Each structure stands twice: as C-alpha cells, then as structure tokens.
Amino acid sequence: MDYNPTAAPSDTLGKHFANLMSRLANFDSPELKLAAVLLSYRVQSGDTCLDITKLAGKPLTIESTSEDMVVLSSSTNGHNFPELDIWIKNLQKSGVVGRPGDLEPLILDGNHRLYLHRYFEYERYVECFLKEHAGRTNSYDSVQHIKKVIQNLFPPLQSNETDWQKTAAAVVALKEFCVISGGPGTGKTYTVAKILALLAELKGGREKPRIILAAPTGKATARLQESIREAKKSLSLPKTTLDALPEHASTLHRILGTIRFSPYFRHNKNNPLHADVIVVDEASMVALPLMAKLMQAIPPSCRLILLGDHNQLASVEPGSVLGDICHPEQINTFSEEMKNSLETVTGDEISSQLAILRNRGICDCVIELRSSYRFSTQSGIRAASISINEGKADLTMDILQDQKYSDISFNNLPSPSKFNKSIENYIQGRSENFIDSSSPEKAFELFNKFRILCALRRGPYGTNSVNSILEKLLSGKRHGNHSASKHFPGLPIMITKNDYRLGLFNGDIGIILPDQEAGGQLRAYFQETNGGFRKLAPQRLPDHDTAYAITVHQSQGSEFDNVMLILPDTASPIITRELLYTAITRAKESVQIWGTEEIIHTGVQKRVVRDSGLGEALRND
C-alpha cells in the first residue's frame, strides 16, 4: 500500500473521529484511519456515505470542496489510495465496521459504501417508508367518486398536453405518497390547495381531514401559508370544503416538537402525529436525518405530499432526499397499471413513459409540473433556468448577454479595487426607502423587493465584504443616540443560531427599526407566520449577521422581486449548476449577474453529486 496517513489534511473533527475508531479497533489500521477521516469530510460536505470504489487504487491529493473544507481526492502526488480488496479486508477485520443489521459504529453496505451507523439507519428507514407508502394503493374511495370530484376541480385544458396538475391530484387520491416537483411559477402550492380540496370532498362532508402544512424554515412556512390562502380565494367551492383547508403552517421542528438539548422529537414512531395528510413544502431543503424523523412520526394511512424543486440546491446538512427520489427515470413515469388507473380517474390520455423498472412504486408517485405561469416564453429568467439545468453553458451566456431579454442581464465583474465604488453606485436609491421606513410592514415590503445574493461568504466578492461596504455606506442614516451602536435604524439582520426560547431560528430575517411605542428605542422586528410582527431588544438577539447581502444557500425558500447575483472572480467548487439555477429563480421580475464568462461556463457544466445509497435503492427491488 502506498498511503502515508500524515498526508491527510488536519481537521479537528475528522482527526478525533479517526483516532476514536482506531482506539476501538482490533488493531492499528491505516486503512481504517483513512476511511474514518474521509467519511467525516464527506458527511460534513453533505454526503451520507463514502463510496470507496471512487477512490480505491487511485492517486491521492488534497483539494478544496467548499469555502470551509478540504478533502482527499484522486490525483497525482506520489501517494495512492489503498487497493479496494485490501481496503475492504482491513475494514472488515477492524471490529468497528459491520454489515447492515450489525451494531458497529460504521456500516459497510454492498462492499463499497461506508456509513456512520445512524446515517445508514436513516437511509434505510426513508427507503422502506417510501417503498411501502408508494406501493400502497388507496382503496377507501371508489374510482368513479374520485373521477367525479377531480373533473369538477380540474376543467379540461384547451391544449392536448397532459394536465400534470390534475395528474398529481389523481396520484394523491390513489396513493399515500406523492412528490410534486416543479420550478418557480409552475403552480405547486395552487395544485396542493386543489388536492386538499379534493381530499376534503372525498370525505363527503362527514368530517374534516386532519391536514398539517409544514416547511423546513420560517421563511418557507410563511410563503406556503400565503400561497394556500391566495389559492383558496380563487377556488369556487362550497364553504364547507374551503373551511377544511388549513391556512396555518409551521416549521418541521415545531410540528415534530423540539426537545431542548436533544436530537430527538416529541413526536416519533411511538407518539405519531395526529394527521390524515401532511404537506411539506421546499422539500429539497430537508436533510436526510430530519426527513427520516418526520417519516417515523407519520401514522399509518396518513398521506405524505412533498413539494419542491429537485433542481435546486440540496440541504446544507447531509442528504439529498428529494433529488434521490426525483431521478429522471422516475419523473412522470408510470407502470402500465398506474397509467391505466390515472387515465380512468382523470378522463385524459396521459403522455408519459412506461416504467421499465422492477420497483414500480416510486415512479408511480413522482410528478413534475412543467408549465410556468410566472414567466412567459419570452422571459430571460425562464430561458436561462432551462439552459442551466440542461448544462448548456454557451447557450446560457448567449441568453445572459442577449439584449432582447429585459428581465436578465450580465455585467463583467469589477476588479477588487473598483468593486466597492461599483457596489455603492449600484445600491444608491435601492435601499433608501426601506431604511427610512418607520412602519415594519412597509420596511419588509420594500426590503423584499430587492436582494443581493453572493455565492460565497468570504473574499472580496462574498457577503462579508458586501455587507461591510453597505454598512459603511448606509450607517450615515443612524439617528440620535444610536451612533455608537452596531445596530441602527434600517439594518437588516439574519439569525445564524437557533434560539428555541425566543422562537428565533437560523435564517430568520429581521429589520432594526425605532419602536414608536417605546420612545423611539431600537427594536428588531420579525414577521410572524400569521402576518403580524414581533419585536425584541437588539441586546436579546441570538447570533446574527448583517443581511443586506446573503448567500444563495441562505436565500432558499425565499422570493424577491429583483435579485443581484455576485459571483467570485476565480473558480470555486461552490459555483455549480444548482447554485446558479437557485439564484436566478429567486427573482420574480429581474436578475442582474456580476461575474465572468469563465465562471458561468464552469458553473453550468458542474453538477452537485452527493454520495448516497438512497437513489439506487429506490430504483431497484
């Protein structure tokens, strides 16, 4: 073996974990230490496992994979990863690596995927839940009854295209699990409002279905709530049906019942949620551990509906459950039996692939909505989002530079020496209104009209730099005795650490404003999901950052009228197809991108691929 353990990068967590595994092992094994260090890195970077076959026998190097992390990968520097058979043999002999079903701290699945035990259990639970619920057909309602209600809710389209919204409703009526994916403006929440009305109608007025609306963050929760309320206004349905549709949504943590200082929740397999239907919006942001704990708390016969955009960035934490489910072979692809059932209840001919997979359950439950009602065919945002998803870098640059698109544009990135002045010139007039607002309602309304998104936190083009520039520019707006404080009127902030006591969570946005009821003293205002506001003295706030500019990751679950995207001037593994797509689709009206053609090209061609066994497991028996 040509591996020198000292060549591995020093990371405190990975190093301590490798040393712990080595102390517990039967013998001193360089292969075990290497695997433990690598697995620690992989989990920190979002993977749920380490795929040993991708590295075994290949040359070894160190490369950056994010702003905060370096990992070992294959290249040429005089050292090699262990050969596969030697690596696997020594792992199996170590005494700390077991097979599925064993109780060892590490689990080796299929001779090539190495897991932390708990992540292996999370994956298997999610896999079993999905297969069981996707394979189970609802037999509570007659096909004719379902057909009648669906056709009342979904009038025929004027075109001959498949009505995927109606098809999604039929899937929910027939199955206990459904994924509804789609880009911005494809009508996901509007479709769900109709689906919930369908389920209420199928109850026949006998009783209201117990419905839970949830999302991973407070921002996403507020948007889901608002969307359902707006959808209800447009539905011409009996009052009893509309009354059955909930208007209140909560975060997943609040629904499951957080236990302070514990990774567990009050609701679990032994204390399930009281629900007939659970809807989870922005499901791409839900990490594997949280998804597994949600599924453990779902009672028998409860329907689970996941909404999201599988082309967006996955969760910051390990796992990409929505992406694993929404494999191209499983989207709008049905078994022959399911296709016949759907055509019966919808009354339409469904244009889809027939499943060629042995495991037919999941593919019968994954719908992608493809018609955008927000962006016209002349929209540059729509055209760019499509070309980015398809990996067409040259076409993407052509769209960004095409003057015929008024809603998207590209600017060459100013040099670091000129960047400060360029940002100051650009921002003048865009922030004045919300800074001067004395009303929290008006301040948030204006603040959400425009947002700066950065790919990185650090560096001359990161959020830290941009926020520093804007703080200096706009701090002249400070009034009276606030001049000595780091908080001043109009300062937007983002919470960076959960505080369950205060009910503030990572990602929550607040604005510092004078409180007229307290003699003009400064308060941090936060929007409540019920439409109101809560206020706190700045001194009581948990850890928080200035939020004139936020990262693309932090923007998930939000929408803004206008977006400015700032990319770095040098290549970064952070810049991927998913990041670019997520950034431009945060905008409802316009996007301006500052970057370089080279960064756009490399980003569009680079995909995020997380090591996981879930996707493969769902595609096979």
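Could you say whether any residue in the range 603-617 is assigned to a helix (DSSP H, G or I), touching a strand residue (DSSP E or B) at 6+ places or on another chain (Cβ under 8 Å), buried (at least 22 other Cβ atoms within 10 Å of the Cβ) and touching a residue at least 12 places away in the same chain (Cβ under 8 Å)?
Our first condition is that a residue be assigned to a helix (DSSP H, G or I); within the range 603-617, this holds for 603-605, 614-617.
Filter again for touching a strand residue (DSSP E or B) at 6+ places or on another chain (Cβ under 8 Å), leaving none.
No.
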| field | Subset of the range 238-262 (residues that are without any contact (Cβ under 8 Å) to a residue 60 or more places away in the chain and more than 23 Å from the chain's Cα centre (by Cα)) | value | PRO238, LYS239, THR240, THR241, LEU242, ASP243, ALA244, LEU245, PRO246, ILE259, PHE261, SER262
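I'd like to check which strands (runs of 3 or more DSSP E) are fully inside the range 76-194 and have at least 3 residues that are in contact (Cβ under 8 Å) with a residue 12 or more places away in the chain, open to solvent by less than 40 Å² (accessible area, probe 1.4 Å) and over 27 Å from LYS233 (Cα atoms).
Numbers: elements: 106-109, 113-116, 177-182.
Per the criteria, 106-109, 113-116.
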| said: ASP394 - would you say it is among the acidic types (Asp, Glu) and more than 20 Å from PHE560 (Cβ to Cβ)? | reply: yes
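State whether one or more residues within the range 532-548 are of a type in the set (A, V, I, L, M) and in contact (Cβ under 8 Å) with a residue 60 or more places away in the chain. Let's see the steps before the verdict.
Initial filter on the range 532-548 (of a type in the set (A, V, I, L, M)): 536-537, 541, 547.
Going one step further and asking which of them are in contact (Cβ under 8 Å) with a residue 60 or more places away in the chain, we end up with 547.
So far as the range 532-548 goes, yes, one or more of its residues are of a type in the set (A, V, I, L, M) and in contact (Cβ under 8 Å) with a residue 60 or more places away in the chain.
Give me the helices (runs of 4 or more DSSP H) completely within the range 365-471, filtered to those with at least 3 residues that are within 30 Å of LEU307 (Cβ to Cβ) and open to solvent by less than 80 Å² (accessible area, probe 1.4 Å), ordered by residue number.
Details: elements: 380-389, 393-401, 416-427, 432-436, 440-447.
Once the helices (runs of 4 or more DSSP H) in the range 365-471 are filtered for at least 3 residues that are within 30 Å of LEU307 (Cβ to Cβ) and open to solvent by less than 80 Å² (accessible area, probe 1.4 Å), what remains is 380-389, 393-401, 440-447.
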| message | Condition first: part of a strand (DSSP E or B) and open to solvent by less than 20 Å² (accessible area, probe 1.4 Å). Now tell me which residues in the range 557-596 satisfy that. | response | PHE560, VAL563, MET564, LEU565, ILE566, ALA587, VAL591, ILE593, TRP594, GLY595
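Please find, among GLY503, GLY490, GLY480, the residue that is modelled with pLDDT under 95, surrounded by fewer than 20 Cβ atoms within 10 Å (Cβ to Cβ), among the small types (Gly, Ala, Ser) and more than 24 Å from the chain's Cα centre (by Cα).
GLY480
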| Residue count, the range 184-209 (criterion: out of contact with any Leu (no Cβ under 8 Å at 6 or more places or on another chain) and at pLDDT 90 or above) | 3
| said: With the requirement that a residue be open to solvent by 10 Å² or more (accessible area, probe 1.4 Å) and small (Gly, Ala, Ser), what does the range 531-556 give you? | reply: GLY531, GLY532, ALA537
| request: Find the residue count for the range 227-264, including only residues that are under 18 Å from VAL192 (Cα atoms), touching a strand residue (DSSP E or B) at 6+ places or on another chain (Cβ under 8 Å) and among the hydroxyl-bearing types (Ser, Thr, Tyr). | output: 2
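The values are calculated or read from the model by the stated rules, or taken from the named source; none is laboratory data. Predicted model, so just to flag it, every value in this text is computed and none were measured. Neighbour counts run over all protein chains shown; Cβ positions are idealised from the backbone, glycine included. What goes into the accessible areas is simple: the full protein's heavy atoms, side chains included, and nothing from ligands, DNA or RNA. Shrake-Rupley method; radii C 1.70, N 1.55, O 1.52, S 1.80 Å.
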